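A short worksheet on the structure shown next.
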Amino acid sequence: MKDSKLYIENSLTRQKELFTPLNPGFVGMYVCGPTVYSDVHLGNCRTFVSFDIMYRYLLYLGYKVRYVRNITDVGHLLDDGEDRMSKGAKADNLEPMEVAQKYSNGFHQMMSVFNVLPPSIEPRATGHIIEQIEMVQSILDNGYAYEANGSVYFDTLAFAKDHNYGELSGRVIDELLAESRDNLKHQGEKKHPSDFAIWMKADENHLMKWNSPWSVGFPGWHLECSAMSTKYLGKTFDFHGGGNDLKFPHHENEIAQNMGACGCTPAKYWVHTNMLLMNGRKMSKSDGNTISPGELFTGDSVHVTKGYSPMVVRFFMLQCHYNSTLDLTDGGLAAAEKGYHRLFEAYKHLQALETEGGDGAINATINGLLDQAFDDMNDDFNTPKALSRLFEVVTLINKLVDGHENVNDLTEATLQRMQSDFHALLFDIFGLKEHESSSSDHDKMDGLMELLLDLRAQAREQKDWGTSDKIRDQLAALNIVVKDGKEGTSWTINS
RNA sequence: GGUCGCGUGGCCGAGCGGUUAGGCAGAGGUCUGCAACACCUUGUACGGCGGUUCGAAUCCGUCCGCGACCUCCA
């Protein structure tokens, strides 16, 4: 276990707090996953990349982390009262489970493309109907819910007498009443407009329904997370995350349900990630201001001039703190792409550096920057700041490579630390990776390029600039950049 | 209308009471047959107006502008 103090901005208290797990050395972490009724969109990806960084950093610090991220495959109602999964199923003439499977597969594939680590447990709402029914019963037994026509509603007024409802989102129950007074007539079975369903009676054509003590029906949306987090992490656990659009009503109601069922607050630290915008506006599926991950990778969209690789997009996300809105723009991505390449070029040079070990004149500078990078990570996972330290190290690496700084001013120990910390930050914590290609392809490519550059070198010796430039230009058209340097010619592939 | 948050240099984006953020672009330079790439150096800033303070981008007030949530959303 690394000896470092991690501070996390807790949405519940709105303060940065020292992270101290309930059980030393162990972390229980729950993150609200996707509803699998259509393709993932980029905003989802940013959220899960943000939590991936946190998960990775906790692992790096040496915690044993149980990371639970659910998949919602039932219970999400649309305005017209139809279930999202059912709607998707009817539209494509599929079983609801086929819809869930199809989009779960797509989701997993996209997470893998973004190099997001899989969670330890990925429970599904439909696989935990019994747990949810039991929780409804507990809440009823405790007097915080009532039954009406086969549906069960959470009684927010009764709950608010004993507990604080609205703590997370800063909402006051009287205001909730005032807000929705106009809609009272539509509320039907509810005693109070802020009450919410924890079990819904299904009508005859509803596709997804289960037996329960109250009716044939289905669980309320917020209930699954309460039931599943309790099952896998216990009644109280360390860390609960989600997009900040889930704060209300989802997380507020989740807290109420857990309190209502077991009398204790579910999570110690609540963490919310901010939204991804595009061109200054919220990305959303419903209006046109959206780009799918696939379109972003291929460049097949009016919003970008070219495609950007998944790792460039991930790097772009890292340049912004998870708690701020991030504005996706073509210019921003292009800038990120260049920075990303510069970072990785420096990383490669760093791994090749060797020192004979001198007086360590620049040790302190480098150690200071690396220390600060980790301090930044400890300060609420501040990836943009940590990255800025790394770029300062990049400048130093380049100076060492170019001879502007003497590599022998670096002791062996500091060089090794640079190499291992750089690797840890880039790959283990930030979760970046280089563009992969199969190694046999790689060998062939090397051979081919060696041949071409050999021919070109001959042409240049004979001052046959026509042939020399033709080779260089044709390769450039294939995004292979030829670099003529002091020590000969090298090449790289630009993505 | 209610709740919360944000406005930083050409662009993106940290900082949040005194010290260079960083990336991209721009400018100058090194390298090159010419280029490109790469590398080095480098300028410009904190929405307006008040206030607190020895000192404010950073705290307070106010005005303007923007966004999110309050209804399904990551």
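The values are calculated or read from the model by the stated rules, or taken from the named source; none is laboratory data. This one's a predicted model, so the numbers in the text were calculated from it and none came from an experiment. When we count neighbours, we look across all protein chains shown, and the Cβ atoms used for this are built from the backbone with ideal geometry, even at glycine.
Listing for the model above:
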item	result
Subset tally (residues that are surrounded by 16 or more Cβ atoms within 10 Å (Cβ to Cβ), more than 14 Å from A:G217 (Cβ to Cβ) and of a type in the set (D, E)) for the range A:125-158	2
Hits in the range A:6-44 (condition: outside any strand (DSSP E or B), in contact with a strand residue (DSSP E or B) (Cβ under 6 Å, 6 or more places away or on another chain) and either free of Cβ contacts under 8 Å to residues at least 24 places away in the same chain or under 16 Å from A:F381 (Cα atoms) (or both))	A:S11, A:F19
Failed condition for A:T47, given (1) in a helix (DSSP H, G or I); (2) touching a helix residue (DSSP H, G or I) at 6+ places or on another chain (Cβ under 7 Å); (3) closer than 22 Å to A:E252 by Cα	(2)
Those residues of the range A:442-451 which are of a type in the set (A, V, I, L, M) and over 14 Å from A:G488 (Cβ atoms), in sequence order	A:M445, A:L448, A:L451
Qualifying positions in the range A:195-249 - part of a loop (DSSP other than H, G, I, E, B) and under 23 Å from the mean Cα position of the chain (by Cα)	A:W221, A:H222
Whichever residue in the range A:279-306 is under 27 Å from A:D380 (Cβ atoms) and crowded, with 16+ Cβ neighbours inside 10 Å and, among such residues, is nearest to RNA strand B (Cβ to nearest atom)	A:M283
First in the range A:237-248 and under 13 Å from A:R69 (Cβ atoms) and at pLDDT below 95, second anywhere and within 8 Å of RNA strand B (Cβ to nearest atom) and of a type in the set (A, V, I, L, M), Cβ under 8 Å, 6 or more apart	A:G243/A:M275
Close pairs from the range A:350-373: first at positive phi, partner buried (at least 16 other Cβ atoms within 10 Å of the Cβ), Cβ under 6 Å, at least 6 apart	A:G357/A:T411; A:G360/A:T411
A:L432 within 11 Å of RNA strand B (Cβ to nearest atom), closer than 29 Å to A:P310 by Cα and either in a helix (DSSP H, G or I) or in contact (Cβ under 8 Å) with a residue 60 or more places away in the chain (or both)	no
Yes/no for A:M259 being surrounded by 21 or more Cβ atoms within 10 Å (Cβ to Cβ) and either more than 15 Å from the chain's Cα centre (by Cα) or modelled with pLDDT under 90 (or both)	yes
The range A:307-336, subset more than 8 Å from RNA strand B (Cβ to nearest atom), part of a helix (DSSP H, G or I) and not aliphatic (A, V, I, L, M), residue nearest to A:R389 (Cα to Cα)	A:F315
Selection count where residues are over 19 Å from A:N258 (Cβ atoms), among the hydrophobic types (A, V, I, L, M, F, W, C) and either in a loop (DSSP other than H, G, I, E, B) or in contact with a strand residue (DSSP E or B) (Cβ under 8 Å, 6 or more places away or on another chain) (or both), scope the range A:110-140	3
Answer residue from the range A:331-365, given it is exposed (fewer than 14 other Cβ atoms within 10 Å of the Cβ), closer than 23 Å to A:R417 by Cβ and of a type in the set (A, V, I, L, M, F, W, C) and is modelled with the lowest pLDDT among those	A:A361
The range A:452-495, residues that are among the polar types (S, T, N, Q) and within 7 Å of RNA strand B (Cβ to nearest atom)	A:S468, A:T492
Filter result for A:V407 (more than 25 Å from A:H321 (Cα to Cα) and either buried (at least 18 other Cβ atoms within 10 Å of the Cβ) or without any contact (Cβ under 8 Å) to a residue 60 or more places away in the chain (or both))	yes
Test for A:K268: is it outside any helix (DSSP H, G or I), free of Cβ contacts under 8 Å to residues at least 40 places away in the same chain and more than 10 Å from RNA strand B (Cβ to nearest atom)	no
In the range A:467-488, residue nearest to A:Y308 (Cα to Cα) [restricted to those that are of a type in the set (G, A, S) and in a strand (DSSP E or B)]	A:G485
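Here's the yes/no breakdown for (1) assigned to a helix (DSSP H, G or I); (2) within 12 Å of RNA strand B (Cβ to nearest atom); (3) over 24 Å from A:K16 (Cα atoms); (4) among the hydrophobic types (A, V, I, L, M, F, W, C):
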residue: A:R342; (1), (2), (3), (4): yes, yes, yes, no
residue: A:N367; (1), (2), (3), (4): yes, no, yes, no
residue: A:F374; (1), (2), (3), (4): yes, no, no, yes
residue: A:F391; (1), (2), (3), (4): yes, yes, yes, yes
residue: A:I397; (1), (2), (3), (4): yes, yes, yes, yes
